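> Quick one: this structure, given as structure tokens, is what I'll be asking you about.
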Amino acid sequence: MAFLEVKILLSCVFLIYTNVEAGRLRKVRQPLAHIEATERRVTNYGNGQAITDWDAGNVHSHLEDGMTYSHGRLTVPRDGEYYVYAQLYFRSSGRVLILKNHHEVITMLQHSHNVPEGPHYAGGAFYLEAGDTIALQTATPVTLYMATAHSYFGAFLLK
């Protein structure tokens with residue numbers, strides 16, 4: 001299966017999961033957050049800059065069962081294994097870090113040798129404790145397309 005097909009499949013699985021959660025079809029509620037980008041469009045970020053252009057009030061954004069968002073950071077309400085993810089639409093080469101409590105856990109990388117621009121998705125499962133934070137920060141200067149459905153991040157409790 002091609003890399004793009006895998007990314008699309010994972011995105012579809014996530015959308016199904018969040019739609020079920022948002023529709024309250026599951027009996028057991030669990031912490032979940034999905035935050036869409038603001039409508040800033042093309043945005044330049046400097047080296048080491050926190051990405052805070054997120055809109056928790058967006059119709060597609062949601063926070064469930066104790067998850068909170070403030071100043072570019074998600075805070076988890078309870079201990080457990082969480083799936084943490086982000087999609088960013090790169091408009092230039094560069095690196096963006098997904099941070100857990102200010103420490104890198106995932107690197108998103110856009111090489112200038114690859115496709116010059118496009119969406120990149122990254123995610124993984126991590127044990128988080130109540131009060132831990134998740135945020136995104138640049139590791140190099142980068143230009144991102146910050147718009148709904150193009151750039152987003154979130155996390156949800158697996159178990």
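> Find all pairs meeting these conditions: Cβ atoms under 8 angstrom apart; at least six residues apart or on different chains; first residue within the stretch 97-121 and farther than 13 Å from residue 139 by Cβ; second residue acidic (Asp, Glu) and modelled with pLDDT of 85 or more.
Note: pairs meeting the criteria are 100/132; 101/132.
> Condition (residue is among the β-branched types (Val, Ile, Thr), modelled with pLDDT under 95 and either assigned to a loop (DSSP other than H, G, I, E, B) or in contact with a Pro (Cβ under 9 Å, 6 or more places away or on another chain) (or both)) applied to the stretch 30-50: is it met by at least one residue?
yes
> Of the conditions (1) open to solvent by 50 Å² or more (accessible area, probe 1.4 Å); (2) at pLDDT below 95; (3) touching a Leu at 6+ places or on another chain (Cβ under 9 Å), residue 68 satisfies every one except a single condition; which number is it?
It fails just one condition, (2).
> Please specify each residue of the stretch 37-55 satisfying the condition of being more than 17 Å from residue 108 (Cβ to Cβ) and crowded, with 16+ Cβ neighbours inside 10 Å. Let's see the steps before the verdict.
Step one: filter the stretch 37-55 for residues more than 17 Å from residue 108 (Cβ to Cβ), giving 38-42, 55.
Selection gives 38, 55.
So that you can scan it fast, the table gives a plain yes or no per residue for (1) in contact with a Leu (Cβ under 9 Å, 6 or more places away or on another chain); (2) of a type in the set (Asp, Glu); (3) modelled with pLDDT under 95; (4) open to solvent by 10 Å² or more (accessible area, probe 1.4 Å):
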position: 74; (1), (2), (3), (4): yes, no, no, no
position: 104; (1), (2), (3), (4): yes, yes, yes, yes
position: 127; (1), (2), (3), (4): no, no, no, yes
position: 135; (1), (2), (3), (4): yes, no, no, no
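> Can you tell me which residues in the stretch 76-96 are crowded, with 20+ Cβ neighbours inside 10 Å and either out of contact with any His (no Cβ under 8 Å at 6 or more places or on another chain) or assigned to a loop (DSSP other than H, G, I, E, B) (or both)?
Within the stretch 76-96, 76, 82, 84, 85, 86, 94, 96 qualify.
The values are calculated or read from the model by the stated rules, or taken from the named source; none is laboratory data. Keep in mind that this is a model prediction, so the values were computed, not measured. Here Cβ is always computed from backbone atoms with ideal geometry, including for glycine, and neighbour counts include all displayed protein chains. SASA here: full protein model, heavy atoms, side chains in, ligands and nucleic acids out. Shrake-Rupley method; radii C 1.70, N 1.55, O 1.52, S 1.80 Å.
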